[in-house]
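We did not get these values from a lab; they are worked out from the coordinates using the rules stated. Since this is a predicted model, take the numbers as computed values, not measurements. Using ideal geometry, Cβ is built from the backbone for each residue, glycine included, and neighbour counts are taken over all protein chains shown.
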Amino acid sequence: MWGTSISLFLLFSPLQVIASEQAQQPFDFGEMSAPNYSLPPLPYAYDALEPYISAQIMELHHGKHHQTYITNLNAALKTQTEAVHTSDITTQVSLQQGIRFNAGGHINHSLFWQNLSPASSPDAKTSAAPKLVQQIKATWGDEDKFREAFKASLLGIQGSGWGWLIRVQVGQESRLAIVTTKDQDPVVGKGEVPIFGVDMWEHAYYLQYLNGKAAYVENIWNVINWKTAEERFVGTQADAFKILKASM
């Protein structure tokens, strides 16, 4: 965690990081500084996903909710940097839950904006993802069965969370999987590449769909960016998360 930046991925192994810090002391902390993340711009206008996701939701979701995660993350990282500087390990430990939650919020939303596209764009057609669609058919039988399985997972989330299509790489073998994560926990495990995610927090749909989240789940297929999904499918985990570096 030394130098001018801290990888968000290290934040999800906090005790290992803290132990490493303590083992290396005494240390010259003169050049240590906390990273500062900023809100990534949307690759489309706030009203570009209508009528499936309203401009009002997009403006609040991106400009308010996502920004709040970033503001809280930056504040926690600054406090953590100060705690490391003073060898205050209790404060470092107390910050980890908040860092994990807000860093996860930043990671998840940064990926989410990129895996959406205006319905009129060629990127929103499954033809933009030939290799991914081929693997989806090999795994679930056809696209309809995949969508039903994904829908069931999304609607099965209790409380707040996310649903993800991911590629799991184990050695030379890879497979697709549908996973759900609680609250703002991100998909950052070894060999896991998030292909696209759907936000199932109420702030993602309630102003438009009220309690009709099944309709939200049905309609979001119209604005999935299959071109981005294909790029993540054939790429690496680092490729999928490159948007995070751009937000620093």
| message | Tell me the angle of helix 143-155 to the major Cα principal axis of the chain, expressed in degrees between 0 and 90 and rounded to the nearest ten. | response | 50 degrees
| query | Could you state the principal axis extents of the C-alpha atoms in the chain, from the largest down, to the nearest angstrom? | reply | 59, 44, 31
| request: Using only the alpha-carbon atoms of the stretch 122-246, report the extent along each of the three principal axes, biggest first, to the nearest angstrom. | output: 43, 30, 26
| message | With +1 assigned to the C-beta of every Lys and Arg and -1 to the C-beta of every Asp and Glu, and no other charges, what is the dipole magnitude of the stretch 58-212 about the Cα centre in debye, to the nearest 20? | response | 280 debye
| said: From the mean inverse distance of alpha carbon pairs (Kirkwood) and the Cα radius of gyration, derive Rg over Rh for the stretch 139-193. | reply: 1.00
| Where is the GNM fluctuation largest for the chain (alpha-carbon springs, 10 angstrom cutoff): GLY141, GLY197, GLY63? | GLY141
| request: Could you please report the charge total around PRO118, scoring K, R as +1 and D, E as -1 over all other residues with beta-carbon less than 10 angstrom from its beta-carbon? | output: -3
| Between the stretch 137-160 and the stretch 41-90, what is the C-alpha centre distance in whole Å? | 28 Å
| Counted charge near GLN97, where neighbours are those whose Cβ lies closer than 15 Å (Asp, Glu -1; Lys, Arg +1) | 0
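Loop only by DSSP, 16 or fewer other Cβ within 10 Å of the Cβ. Give me the trypsin sites (Lys or Arg not before Pro) in the stretch 173-206 that pass, ordered by residue number.
Within the stretch 173-206, the qualifying trypsin sites (Lys or Arg not before Pro) (loop, at most 16 other Cβ atoms within 10 Å) are LYS190.
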| Counting pairs of Cα atoms in the stretch 167-226, how many percent are more than 15 Å apart? | 60 percent
| query | Taking the stretch 122-246, how many lysine pairs are there with alpha carbons less than 13 Å apart, if each pair must be eight or more places apart or span two chains? | reply | 4
| said: Quick check: pseudo-label points 7 Å beyond the Cα along Cα→Cβ at THR68 and SER38, how many nm apart are they? | reply: 2.3 nm
| field | Charge-dipole axis of the chain as Lys and Arg at +1 and Asp and Glu at -1 on Cβ define it, positive-most pick from ILE70, ALA246, PRO186 | value | PRO186
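About the Cα centre, and with charges only on the beta carbon of Lys, Arg (+1) and Asp, Glu (-1), how big is the dipole of the stretch 122-246? Nearest 20 debye, please. Show your work: numbers first, answer last.
Details: 15 positive and 15 negative charges, 48 e Å.
For the stretch 122-246, the charge dipole is close to 240 debye.
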| query | To the nearest 500 deg cm²/dmol, what mean residue ellipticity at 222 nm is calculated for the chain from DSSP H runs of n ≥ 4 alone, each contributing -39,500 (n - 2.57), summed and divided by the residues? | reply | -14000 deg cm²/dmol
